[in-house]
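Please read the structure below before turning to the comments.
The values are calculated or read from the model by the stated rules, or taken from the named source; none is laboratory data. It should be emphasised that the depicted structure is a prediction, and the values quoted were computed from it without experimental measurement. A quick note on method: Cβ atoms are made from the backbone with ideal geometry, for glycine too, and the neighbour counts reach across all protein chains shown. Each accessible area value is taken on the protein alone, full model and side chains, heavy atoms only, with ligands, DNA and RNA left out. Shrake-Rupley method; radii C 1.70, N 1.55, O 1.52, S 1.80 Å.
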Amino acid sequence: MHDQARCEAEVPQDKRLSARGIEVGQVFYFGTKYSAPMKAVVAGPDGKEVPVEMGSYGVGVSRLVGAVIEASHDDAGIVWPEPVAPFDVGLVNLKAGDAKTDAACDDLYARLTTGGKDVLYDDTGERPGAKFASMDLIGLPWQVVVGPRGLEKGFIEIKNRKTGAKEELSADAVVQKLTLRG
């Protein structure tokens, strides 16, 4: 258990650190509150039976989400680290209802999911700016943007949410790049 007086006596002021934190787990010390009534005993150093000193600990899974967001965000929203992101890829259809764009998105969705990626597909009728803002706010590690102009030129844009770096790649190169990642 924390002993405030001992800490203040043993740790010089210039060696102490005070910082913001977020509690994601907790430890509770019960002493012999439960072991004594249950007669849960062990042999002490002198061979005599003594009640077990008890405690418990736990991690608040719902608190972990808040901790990740607190530690990994920017002005536009969440920046999910890849290992804990709710989806791997955000697929943005810039012109939902357009046959070529819909077909390209459907194909990418199928290939990425077959490749083991969880994909959040935005095929809403929202304007492109709103879609980009939503994807940044959600913060998925990768954004794949499919629009008619890019398709005419033979490319699809991918964006790394963490770095903001964008690339224009063929559909095959997008699938290869994203499915070869861990």
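Points to keep in mind about this one:
- Pairs of Lys residues in the chain, spaced 8 or more positions apart or belonging to different chains, with C-alpha separations under 15 angstrom: 7 in total.
- Taking all protein chains together and a 1.4 Å probe, the residues TYR57, TYR109 rank TYR57, TYR109 from largest to smallest accessible area.
- Rounded to the nearest 10 degrees, the inclination of helix 128-138 to the longest alpha-carbon principal axis of the chain is 20 degrees.
- Nearest 10 degrees, 0 to 90: helix 99-114 Cα axis against the chain principal axis: 30 degrees
- Take 43-50, 77-84 and order them by the average number of nearby Cβ atoms within 10 Å per residue, most first; the result is 77-84, 43-50.
- Along principal axes, Cα extents of segment 40-131, largest first, whole Å: 82, 33, 16
- Between PRO86, GLY60, ALA5, the Cα set farthest toward the positive side of the dipole of segment 1-93 (charges on each charged residue's Cβ, about the Cα centre) is that of ALA5.
- Working from the Cα coordinates of segment 16-85, the gyration tensor eigenvalues give, after taking √(5λ), semi-axes of 42, 14, 10 Å in decreasing order.
- Compared with the dominant principal axis of the Cα atoms in the chain, helix 61-71 is inclined by about 60°.
- Extension reserve of the SER134-VAL50 stretch, reckoned as 0.36 nm per residue once the Cα distance is removed: 24.2 nm
- Percentage of interatomic Cα-Cα distances in segment 88-158 larger than 14 Å: 55 percent
- Charge dipole of segment 122-176 about the Cα centre (unit charges at C-beta), most positive-ward option of VAL144, PHE132, LEU169: PHE132
- Rounded if a/c under 1.5, otherwise prolate or oblate - segment 138-181, Cα gyration tensor axes: oblate
- Charge dipole of the chain (Cα centre as origin; +1 on each Lys and Arg Cβ, -1 on each Asp and Glu Cβ, all else neutral): 100 debye, rounded to the nearest 20.
- Per residue, the accessible area of segment 1-124 comes to 72 Å² when a 1.4 Å probe rolls over the protein heavy atoms.
- The chain - percent of accessible surface contributed by carbon and sulfur, probe 1.4 Å: 55 percent
- Among 131-144, 24-37, the order from most to least packed when residues are scored by Cβ within 10 Å on average: 131-144, 24-37
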